[in-house]
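Below: the structure, in structure tokens.
The values are calculated or read from the model by the stated rules, or taken from the named source; none is laboratory data. Computed from a predicted model, the values in this text were never measured in an experiment. Heads up, the Cβs are rebuilt from the backbone with ideal geometry, glycines too, and the neighbour counts pull from every protein chain shown. Accessible surface is based on the protein model in full, side chains and every heavy atom, while ligands, DNA and RNA are left aside. Shrake-Rupley method; radii C 1.70, N 1.55, O 1.52, S 1.80 Å.
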Amino acid sequence: MSTTLDLIVRGGEVVTPKGLRRADVGVADGRFVQVAAEIGDSAKETIDGSGKWVFPGIVDAHVHFNEPGRAEWEGLTSGPAALCAGGGTVFFDMPLNSEPPSINADALNRKRAVAEKKSCIDFALWGGLVPGNLDALEGLRDAGAVGLKAFLCASGIDSFPAVDDLTLREGMKRAAELGMIVAVHAEDGPSVARLTAEQRERGRNDARAFMDSRPVEIELAGIRTAVDAAALTGCALHIVHVSCPEGIAVINEAKGRGVNVSAETCPHYLLLSEDDVLRFGAPTKCAPPLRDESRRRGMWREFSEGAVDTVGSDHSPAPPEMKTSEDFFEIWGGIAGCQHGYELLISEARPRIDELFPRLAAVLAANVAKRFGLAATKGEIAEGRDADFCIIEPVEERTIEASELLTRHRISPYAGRRSRARILQTVLRGMTVCSSGKLTEGAPRGQFLVPKR
Ligand code: ZN
């Protein structure tokens, strides 16, 4: 008997971690109900997928949308809109750039209320682990925090200080008891401070000096500190924005001895290198900094071999006046790339589609949902999951224009860059939220996602 579905995508190349498959995708009541060579049923709405890729909706576990408190930097309207135009259907917001920072349940609940009102896509929220908030961790867990974020070096936000060794260990011990994962920004704080002071004493304040103040070694030292604390406490650990193959090697070694640790990298460590920092300056400033070309290529190798668990944008914008200074150390760090970073990864992966597209489906969606307890509903184009996906068109070549940006400030390291893919449409729970780079009028509001522990 034929039934009427809400939506069918016909004849697209459906991308899953297992491979690509030409199939029809059927949606009813906001969920995938069928993925099959041909769906005989009719539907209220049909999308012609022929010649296009149907990717799972991107689950971006690492953004800084800065609201409440610093909405003029980005905000929970523009940030989700930009991510959604870039194929995203879920974001996890970091705890530090909002005011108050999400270091207790009250602050987290306040952010949740704003996001529920404004965000066009679903979301989860990180809580913070900072000196002095150990007794707030249980409240954060009960309020639905997806995990806890800690910095081993200065975060740049005074109300979100770095953890000391004791706080890290005690925090991870509590987190393990609470069933929470801890995400760590792993650059050794005292080393960053000392090398920065040394550059300043030499009178250097250029882009090269900034990169020299944060070499690979201090990232590796940070990763080792975090991994050792995870080994000691049994806490699940997620190392954010790993910038170099040596960092992945430290994590692989830890995995080998049974430490529960995952590695995230960001599109910019795969797409940009230190030459771009010297050429383009402020829009490419981030920490850890972009690395040399051989390390950038090395990160593709790690990704293609499956050693990268997740890719998150680390979208971290700031107003234009904070991105301009003669002194490169004074420029606010952070790459605002959530709208085009994923499209560019897909574009770069085109020469090896069969090998790399399934990997992308894993690191951009399936692995993220699994690692953070959302796999019952999110992360894959599979029967029973939320119908979150995006339709992507292969193009001969196009130039990314700053005018496409839906971010609050049109600053992106990818403006002017050539791409061989275009994200046509993003669908959340069966409803189109963005089409040809424009948000749908009356699109649904995002829902707060609580991890299953
Ligand atoms: Zn970040």
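Working ranking of peptides 20-32, 318-330, 227-239, 429-441 by packing, defined as the average number of other Cβ atoms within 10 Å per residue, highest first, is 227-239, 20-32, 429-441, 318-330.
Mind checking the per residue accessible area of region 73-143 for me, 1.4 Å probe, whole number of Å²? List each step's numbers first, then the result.
Numbers: 1890 Å² over 71 residues.
Ligands and nucleic acids excluded, the figure is 27 Å² per residue.
Does region 215-369 come out rounded, prolate or oblate by the C-alpha gyration tensor, with a ≥ b ≥ c the root eigenvalues, rounded set by a/c under 1.5 and, if not, prolate when a/b is larger than b/c and oblate if not? Note, shape of region 215-369 comes out oblate. Here the chain exposes an accessible surface that is 47 percent carbon and sulfur, computed with a 1.4 Å probe and the other protein chains kept in place. Of the beta bridges in region 303-453, as assigned by DSSP with both residues counted there, near 95 percent are antiparallel. Return the FRET efficiency for the residue pair Asp292, Asp29: r is the Cβ-Cβ distance, R0 is 56 Å, and the value is rounded to the nearest 0.05. For Asp292 and Asp29, the calculated efficiency is 0.65. If R0 is 56 Å, the Cβ-Cβ spacing of Glu217 and Asn109 corresponds to a FRET efficiency of close to 0.90. Can you tell me the orientation of helix 293-304 relative to the chain, as the angle in degrees between its alpha-carbon axis and the longest Cα principal axis, to the nearest 10? That helix lies at roughly 50 degrees to the long axis. Taking every DSSP beta bridge that has both ends in the chain, the antiparallel portion is near 50%. In the chain, the longest principal axis of the Cα atoms and the axis of helix 189-201 are about 70 degrees apart. Starting from the Cα gyration tensor of region 109-181, take the square roots of the eigenvalues, sort them a ≥ b ≥ c, and report rounded, prolate or oblate (rounded when a/c is under 1.5, otherwise prolate if a/b is larger than b/c, else oblate). The shape class here is oblate.
Which FRET efficiency value, to the nearest 0.05, do you get for Arg202 and Arg350 by plugging their Cβ-Cβ distance into 1/(1 + (r/R0)^6) with R0 = 30 Å? Write out the running numbers ahead of the final one.
Details: r = 44 Å, r/R0 = 1.47.
The computed FRET efficiency comes out at 0.10.
Computed from the alpha carbon atoms alone, the convex hull of the chain holds 128 Å³ per residue. Between Arg21 and Asp48, the simple spin-label model (points 7 angstrom out along Cα→Cβ) gives 2.5 nm. Within region 100-115, whose backbone N sits under 11 Å from a point 7 Å along Cα→Cβ of Leu166? Nothing falls inside the zone, counting backbone N under 11 Å.
Using only the Cα atoms of region 213-289, build the gyration tensor, take square roots of its eigenvalues as a ≥ b ≥ c, and label the shape rounded, prolate or oblate: rounded if a/c is under 1.5, else prolate if a/b is larger than b/c, else oblate.
Numbers: a/c = 2.78, a/b = 2.43, b/c = 1.14.
In terms of gyration-tensor shape, prolate.
Computed over every Cα-Cα pair of region 178-233 and binned at 10 Å starting from 0, the pair-distance distribution P(r) comes out as 23, 39, 23, 12, 2 percent. Reducing region 298-335 and region 366-389 to their Cα centroids gives an inter-centroid distance of 26 Å.
Pairs to check: Lys111/Lys255; Lys117/Lys149; Lys117/Lys452; Lys323/Lys452; Lys173/Lys452; Lys255/Lys378. Give those whose C-alpha atoms are more than 31 Å from each other in this structure. Before the final figure, lay out each step's value.
Working: Lys111/Lys255 34 Å; Lys117/Lys149 24 Å; Lys117/Lys452 24 Å; Lys323/Lys452 39 Å; Lys173/Lys452 20 Å; Lys255/Lys378 25 Å.
From Lys111/Lys255; Lys117/Lys149; Lys117/Lys452; Lys323/Lys452; Lys173/Lys452; Lys255/Lys378, over 31 Å: Lys111/Lys255; Lys323/Lys452.
Think of it as helices only: each DSSP H run of n ≥ 4 in the chain is worth -39500 (n - 2.57), and spread over all residues that comes to -9000 deg cm²/dmol at 222 nm.
How many Å² of accessible area per residue for region 400-453, probe 1.4 Å?
Values: 2840 Å² over 54 residues.
Computed with neighbouring chains in place, this is 53 Å² per residue.
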